[in-house]
Amino acid sequence: MISAVLGLLVATGPAVAHPRGIPDRLMLQPADLGGAVPGPVEEGLVWPLLPQPCADRPIPQPVASRTQAADYNTRYRVYQNVARFRGDGAQRYLTELKAQLADCGVGGGDNGLDPVAEDHLGPDTVLFTGNYDLGDRWVAYVAAAVGRHVVVIMVSDSYLGAGDLTLANGLAQGAMNRLRQAAAESAVPYGVRPAGA
């Protein structure tokens, strides 16, 4: 019984993937990642994959989530979280994330989350950085709500400590396209093939 309880504690830790409810087709694939095969997120990752900039303010919580990571060439490490919410929870999360970045973002030159741009990839998207070493280094973040899902992409740089915002945007766009395609396919009635299929 003790091993069953320990197994449950380990399986529900923040760095472990939760595949139930988040199928593979919603996650970035090797073709999206320059051939890199995604795997689990390493234990001890210090950056949140469903950020909450204001520690004392609640955010909508997902009903399911899944994380993965991949080495993108020899320089970048890419992290992805896909979370499914009830009702309009995904849009409420993005609205609250933007508000918390505005209220609790650090601005350049300090440690913490720093807002860069809102709605830059369309509605319900935000670009920001996670600063460290007194703001001299950072990871790049993009968060987006698509339907009932939120996708968060984070890119870290092992050479310069300057996450690539352009790479994060490109990967986020691919992740958003996967979510839109899956939503369109699930809306097609059983037995009806989409045009060109």
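Computed from the coordinates by the stated procedures, all read-outs in this text should not be read as laboratory data. Because the structure is a prediction, the values reported are computed rather than measured. In this analysis, Cβ positions are derived from the backbone assuming ideal geometry, glycine residues included, and neighbour counts consider all displayed protein chains.
Phi angles across segment 125-139 convert, under the Karplus curve 6.51 cos²θ - 1.76 cosθ + 1.60 with θ = phi - 60°, into 3J(HN,Hα) values of 10, 8, 10, 7, 10, x, 8, 8, 6, 6, x, 6, 10, 7, 10 Hz, Gly and Pro given as x.
Given the convex hull over the Cα atoms of segment 74-120, what projected area results after averaging over all orientations, in nm²? Could the numbers behind the result be given before it?
Values: hull surface 19.8 nm².
The orientation-averaged projected area of the Cα hull of segment 74-120 comes to 5.0 nm².
Beyond 24 Å, what share of the Cα-Cα pairs of segment 60-196 is found? Please give it as a whole percent. Cα-Cα pairs in segment 60-196 separated by more than 24 Å: 33 percent. The shape of segment 71-150 comes out oblate: with a ≥ b ≥ c from the C-alpha gyration tensor, a/c is at least 1.5 while a/b does not beat b/c. Note on residue 61 and residue 88: the extension gain reaches 8.6 nm, defined as 0.36 nm multiplied by sequence separation minus the Cα-Cα distance.
Let me check against my output: what whole-number percent is the relative contact order of segment 40-138, with C-alpha pairs under 8 Å and at least 6 apart? Don't skip to the end; give the middle numbers.
Working: 151 pairs, mean separation 20.9, N = 99.
Computed value for segment 40-138: 21 percent relative contact order.
Tell me which trypsin sites (Lys or Arg not before Pro) from segment 86-129 have a DSSP coil assignment and no more than 15 other beta carbons within 10 Å of their own. If you can, show how the numbers build up before the last one.
Details: sites: 86, 92, 98; in loops: 86.
Here the sparse-neighbourhood loop sites are 86.
Looking at segment 72-197, the DSSP beta bridges with both ends there are about 95 percent antiparallel. Label separation (residue 103 vs residue 177): 3.6 nm, computed from points 7 Å beyond Cα along the C-beta direction. Close amide H pairs (under 5 Å, H built 1.01 Å from N) link residue 146 with 151, residues at least 5 positions away or on another chain. Per the Debye calculation on segment 115-165 with a single equal scatterer at every Cα and no solvent contribution, log₁₀ I(q)/I(0) for q = 0.14, 0.19 Å⁻¹ amounts to -0.37, -0.62. Label 7 Å along Cα→Cβ of residue 184; segment 137-174 residues with amide nitrogen under 17 Å? Zone members listed by number: 146-148, 173-174.
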